[in-house]
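The values are calculated or read from the model by the stated rules, or taken from the named source; none is laboratory data. Given the structure is predicted, the values throughout are model-derived calculations rather than measurements. Cβ placement follows ideal geometry from the backbone for every residue including glycine, while neighbour counts extend to all protein chains displayed. Surface accessibility is based on the protein's heavy atoms, side chains included, excluding ligands, DNA and RNA. Shrake-Rupley method; radii C 1.70, N 1.55, O 1.52, S 1.80 Å.
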Amino acid sequence: MMLAVDPSKKISFNRCIGDGDLVIVYERHDNMKAVKVCENSVLQNRFGVFKHSDWIGKPFGSKVLSNKGGFVYLLAPTPELWTLVLSHRTQILYIADISFVIMYLEIVPGCLVLESGTGSGSLTTSLARAVAPTGHVYTFDFHEQRAVSAREDFERTGLSSLVTVGVRDIQGEGFPDDFCGKADSVFLDLPQPWLAIPSAGKMLKQDGILCSFSPCIEQVQRSCETLRANFTDVRTFEVLLRMYEVREGKMENSQADESVPIGSHRCKRRQRSSEGGNGMEISSSPTVMARPSSEARGHTGYLTFARLICLS
Ligand SMILES: C[S@@+](CC[C@H](N)C(=O)[O-])C[C@H]1O[C@@H](n2cnc3c(N)ncnc32)[C@H](O)[C@@H]1O
């Protein structure tokens, strides 16, 4: 179970791995996968064969060995890691956008959140954790199979008591009337969000916040036009994340003098030249270098936030 949601919906990984649990098998940051622990199964990879029975009873985070002495880590399947390993049935939101959305929508335990579309459930997983233990996420997608797969994923990850997945054309029909005036926040990731905004406005509590994610600025422009009718404090952001590689490497003297990578830190093992006795320092390696990662993700989309105008 992903979030160890017990009857009191308490979220904790402060327990040992059991038969049937979902774990994230971590080889390195760019090589992880979700595995359901099954007493009689094995995991086979380039490091050897790992028996699941060896994993049972170990705490999350344990390093486990293969028959050849290779190792992997068994991590708890948090929303952050789940986002990296889930099967992509659609485009998904990633950690930078997700964290900004949750903060800016002011989502805390106990909130009622409406979402459409569900897609691959990447954002939904984090929304569910943010509203636990007493809140709930109602997420809608008009694609029946995607809704079924999302439900299966929430079941696997132990979140099903916090999320309800509905099949509905939110652009055409709007959110169900049952939620009128009850939502703390609404999140839209739809191709034509402006069609769903009037309904989203009706669902929000006074002072509630809406967020719409769109990859194209033309979608943002149309959404903002629609938002003007009933919303205030309309703001659009693009979240750009810059990752860095920081590692020790060897540099030649000339390289060190002329083409020092951003943030290089020549602090180690400086040697005095024995030849010539001029006291010159030779900055030999190793040197700790930092440079922007080539894997860094660029544009994902624009996040438009708006607050419902209070009428009283
Ligand atoms: C890009 S995906 C959402 C991804 C999601 N935010 C995530 O992080 O995994 C967009 C979803 O909206 C759904 N969708 C498109 N039009 C819709 C509509 N009119 N009503 C409900 N869902 C719709 C699509 O089926 C698709 O699954």
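Hey, what's the per residue convex hull volume over the C-alpha atoms of segment 22-77, in cubic angstrom?
So the per-residue Cα hull volume is 69 Å³.
Apply the Karplus curve 6.51 cos²θ - 1.76 cosθ + 1.60, θ = phi - 60°, to the phi angles in segment 225-235 and return the couplings in whole Hz, x for Gly and Pro.
4, 5, 5, 4, 4, 10, 10, 10, 6, 7, 9
Given a 1.4 Å probe, how much area per residue of segment 22-77 is accessible, in Å²?
Roughly 54 Å² per residue, with all protein chains present.
What is the dipole size for segment 78-206, taken about its Cα centre, with +1 at each Lys and Arg Cβ and -1 at each Asp and Glu Cβ, in debye to the nearest 20?
120
Report the calculated FRET efficiency for N31 and D233 (r = Cβ-Cβ distance, R0 = 45 Å), to the nearest 0.05.
Taking R0 as 45 Å, the efficiency between N31 and D233 is 0.60.
Using θ = phi - 60° and the Karplus relation 6.51 cos²θ - 1.76 cosθ + 1.60, list the HN-Hα couplings for segment 172-185 in order, rounded to whole Hz, with x at every Gly or Pro.
With coefficients 6.51, -1.76 and 1.60, one gets x, 9, x, 6, x, 4, 3, 8, 3, x, 10, 7, 6, 8 Hz.
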